[in-house]
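One structure is given below, encoded as structure tokens.
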Amino acid sequence: MGSVGFIGLGVMGAAMARNLAKAGLLQVVWNRTSNKAHSLAEELKVKAAASPSELAKECQIIALCVSADPDVLEVIDALLPGIQPGAVVIDHSTVSPQTAKLAAVKLIQVGAEFLDAPVSGGVEGARAGTLVAMVGGSQEALAKAKPALEAVASTIVPIGPVGSGQATKAVNQVLCAGINQAVCEALAFAEALGLDLDQVIEVLTRGAAGNWFLEKRGRTMVRGQFQPGFKLGLHYKDLKICLAMAEQIALPLQLAAQTLGDYEQLIAQGLSEEDISALYRFKRPA
Ligand code: NAP
């Protein structure tokens, strides 16, 4: 049996937990909505813990992937009573660098360590175990966590101290905002020109303007299908983090700000659970 515990079995977390189980590393899972934990534990033949602290008592490596900043801190607080000295907590959620630093301080006080290891690659990457992980934290903690990281990610890049993984992820989320704007606007242009959209996507994906988002979400967005994927409400949360970071250094992030405003309108229409490609709703010809 493995030695890794996993907390947060959402779209990303459940897929990552499955890959940890496939690698023989997963021992126990916990999820706030407990039926998700029980059914995944049954499927993967691992334990479902009664609480985060019960999970922590059993594992030296604990990975988590939950929604937002307060959720990460809530989970860390709930882990603390059971945490073992020398344990390493790997956080795959996308949150602010400050939250990562706060989590690290809480864990250092009980003799454990923290790595911020946000991921890129979408739900497809999580299912395939080919995520890209950008990691902040000590080399010693990274060495202990390496097998668990390798089970979920094919690219693992140490960036620097705790918080630097999340700072890098913030840069990634600014890129995602620009790519979402560009792909939605370009495909709406193609639709307005009356072109065969499947053919347009086919050829452009192979050229210099080709990109992951066009390839994975282009065909669905032009059909009005916006199943996540990556929930718009989560990218909205990320862009708020990016804009707060940019404000501190007085750097304008125009595309990120525009995307945040567009998402705000979609969220007001009750669409926060749709994929970020739902931005196409605003771009397509009337
Ligand atoms: P999701 O499907 O909505 O799952 C969220 C998970 O977090 C659920 O298991 C949820 O538990 C748990 N959770 C939320 N608040 C909690 C709390 N206070 N205490 C304990 N558990 C809590 O989201 P996701 O798409 O997997 O994304 C998870 C994280 O990965 C986010 O930070 C996101 O930005 C990041 N991310 C997502 C993608 C993507 O493509 N989806 C890619 C890279 C990074 P319940 O089941 O009880 O609700």
Every residue from segment 182-209 that is open to solvent by 80 Å² or more (accessible area, probe 1.4 Å) and either of a type in the set (G, A, S) or not in a helix (DSSP H, G or I) (or both):
L193, L195, D196, R206, A208
Within segment 54-78, residues being in contact (Cβ under 8 Å) with a residue 40 or more places away in the chain, open to solvent by less than 10 Å² (accessible area, probe 1.4 Å) and either assigned to a helix (DSSP H, G or I) or not aliphatic (A, V, I, L, M) (or both) number 3
Filtered residues of segment 200-217 (kept if touching a helix residue (DSSP H, G or I) at 6+ places or on another chain (Cβ under 7 Å) and over 18 Å from L175 (Cα atoms))
V200, I201, L204
Based on what the data block shows, is V157 closer than 27 Å to L26 by Cβ, touching a strand residue (DSSP E or B) at 6+ places or on another chain (Cβ under 7 Å), in contact (Cβ under 8 Å) with a residue 60 or more places away in the chain and of a type outside the set (D, E)?
no
Check whether at least one residue in segment 21-44 is within 21 Å of V105 (Cα to Cα) and in contact with a strand residue (DSSP E or B) (Cβ under 6 Å, 6 or more places away or on another chain), and report yes or no.
no
Would segment 3-21 turn up any residue that is within 19 Å of the chain's Cα centre (by Cα), surrounded by fewer than 18 Cβ atoms within 10 Å (Cβ to Cβ), within 14 Å of the ligand (Cβ to nearest atom) and among the charged types (D, E, K, R)?
no
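The values are calculated or read from the model by the stated rules, or taken from the named source; none is laboratory data. The structure presented is a predicted model; accordingly, all values stated were derived computationally and were not measured. Cβ sites come from the backbone with ideal geometry, for glycine too, and all protein chains shown count toward neighbours. Please note that ligands, DNA and RNA were not included when accessible areas were found on the heavy atoms of the full protein model with its side chains. Shrake-Rupley method; radii C 1.70, N 1.55, O 1.52, S 1.80 Å.
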